[in-house]
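> This is the structure, below, for whatever I ask next.
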Amino acid sequence: MSNLHTEAEQKVLNAVPGASAGASPRATPAAPQPNRRVLVVAALVALAALAAGGRMWYRGHYFVETENAYVTGHVHPVSSRIAGVVTRVMIEDNQLVHEGDVIAELDPFDQRVKAEQIQAQIDTTEQQVGQSDAQIAQVQAQASAAAAQVAQSEAQLVRAKQDAERFGQLYNSQMKAVSKAELDAANAGRASAVADLAARRDSAAAAKANIGAATAARDVLKAQIKVLRVQLKDAQQQLAYNRIVAPVTGRIGKRAVEVGQRVQPGQQLTAIVQDNVWVTANFKETQLADLRTGQNVKVTIDAIPGKTLMGQVESFSPASGAQFALLPADNATGNFTKIVQRVPVKIVFKPEDVKALSGRLVPGMSALAEVEVNQGEPAAAKVAQQAQR
């Protein structure tokens, strides 16, 4: 009976996994130790992420930047003031020219002929003025003669009156010392003297009127000479316009003139680009709160990689870019959508920095502008003081 119990217990033990007669239970394996290299890498990654986040936070709070920035400069179109045929062209593409240099010349024949015609008219009119002076002198002499004749007639009238009075006293009802015929002759002489004086006075008045007319005619001729001289000055100026000169110092661009070409007034022949350039950065309106005049700006030009230029905020546009568009948006139509606007900001460079680039900085280039807004107020205050001065 005891043997049967022993065999049953042995079967149960054999049925249990890992159990066997006289076998001891296995020991539990120890947990693996963490790898130090993995911990170091994880710590470095965490530090890098923390530093990147801190840098992003710092730059987001103390820096504003925009890629919507372009180099801008003065581009002067050069055009002809008169019509004509081009006879000479003295420029080439990208050439440096100075203010007053001759760019091209037009055929001056038409303007020269016009100036000569006006000069001939002036000479003719001046001769007519000389003739008018002679005529005025002649009329004045006639007026003097007429005045003398008036004086003579007045004397004859006085004598005729005296004769008539004497004959009247000698021939009356009481005394007839002279005949009636002599009395009538004296009265007739007096009447004739009166009529002759009136005629002489009319002749003197006509002579004076002739002097006025001749003087007025001479004044008209002199006025015509003034008009002709103004026309001559204009013709000479038009003749000078045949030489097309550079209005400013700069480099030639967009040349569109050739010898033999007929140009019209206002037709653009070329453009001159000045060296004093600046950057127009279109900042968002939400970025303008901390921008001030006089703040330093880091400018990176796409065409000059690896080169950082230092600029300065000079001024802000009086309106957003949308206000200067050809068709400004009308937000009063009902379908309003709020869009962040951009305001142009002018950033200038030092002349020596622009000169050091040797013409590599030209209008139209793309740029990146970055402004540190916690610079303080000294630079802005200095610029404001200079502006007040």
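No value in this document is a laboratory result; all are computed from the given coordinates. All of these numbers come straight from a predicted model, not from anything done at the bench. Backbone-built Cβ (ideal geometry, glycine too); neighbour counts: all protein chains shown.
> If R0 is 25 Å, what FRET efficiency do you get for Ala322 and Val362 from their C-beta distance, rounded to 0.05? Spell out each step's value before the answer.
Working: r = 27 Å, r/R0 = 1.08.
According to the calculation, E is roughly 0.40.
> What FRET efficiency comes out for the pair Gln127/Ala240, r = Cβ-Cβ distance, R0 = 30 Å, nearest 0.05?
Details: r = 28 Å, r/R0 = 0.95.
Efficiency, from the Cβ-Cβ distance: 0.60.
> Scan around Asp101 for amide H atoms under 5 Å from its own, H built in the peptide plane at 1.01 Å from N, and keep only partners 5 or more places away or cross-chain.
Amide H neighbours of Asp101, under 5 Å, 5+ apart: Ala246.
> What ranking, highest mean first, results for peptides 339-348, 269-278 when packing means the other Cβ atoms within 10 Å averaged over each residue?
269-278, 339-348
> Please list the non-local residues whose amide H lies under 5 Å from the amide H of Arg88, H modeled 1.01 Å from N, same-chain partners needing a gap of 5 or more.
Amide H neighbours of Arg88: Glu105.
> Further, regarding this structure: Which aspartates and glutamates have a Cα less than 19 Å from the Cα of Lys161, not counting those fewer than 8 places away in the same chain?
Partners within reach: Glu182, Asp184, Asp196.
> How big is the gap, in Å, between the Cα center of region 247-263 and the Cα center of region 282-346?
What the calculation gives is 34 Å, centre to centre.
> Here's something else I'd like to know. Amide H of Val78: which non-local residues (sequence gap of 5 or more, or other chain) have their own amide H closer than 5 Å, using H built in the peptide plane?
Here Leu269, Thr270, Ala271, Ile272 satisfy the definition.
> If you don't mind, another one. Residue by residue through region 69-82, which ³J(HN,Hα) values in whole Hz follow from phi under the Karplus form 6.51 cos²θ - 1.76 cosθ + 1.60 (θ = phi - 60°), with glycine and proline marked x?
With coefficients 6.51, -1.76 and 1.60, one gets 9, 9, 6, 10, x, 7, 10, 9, x, 10, 9, 8, 8, 10 Hz.
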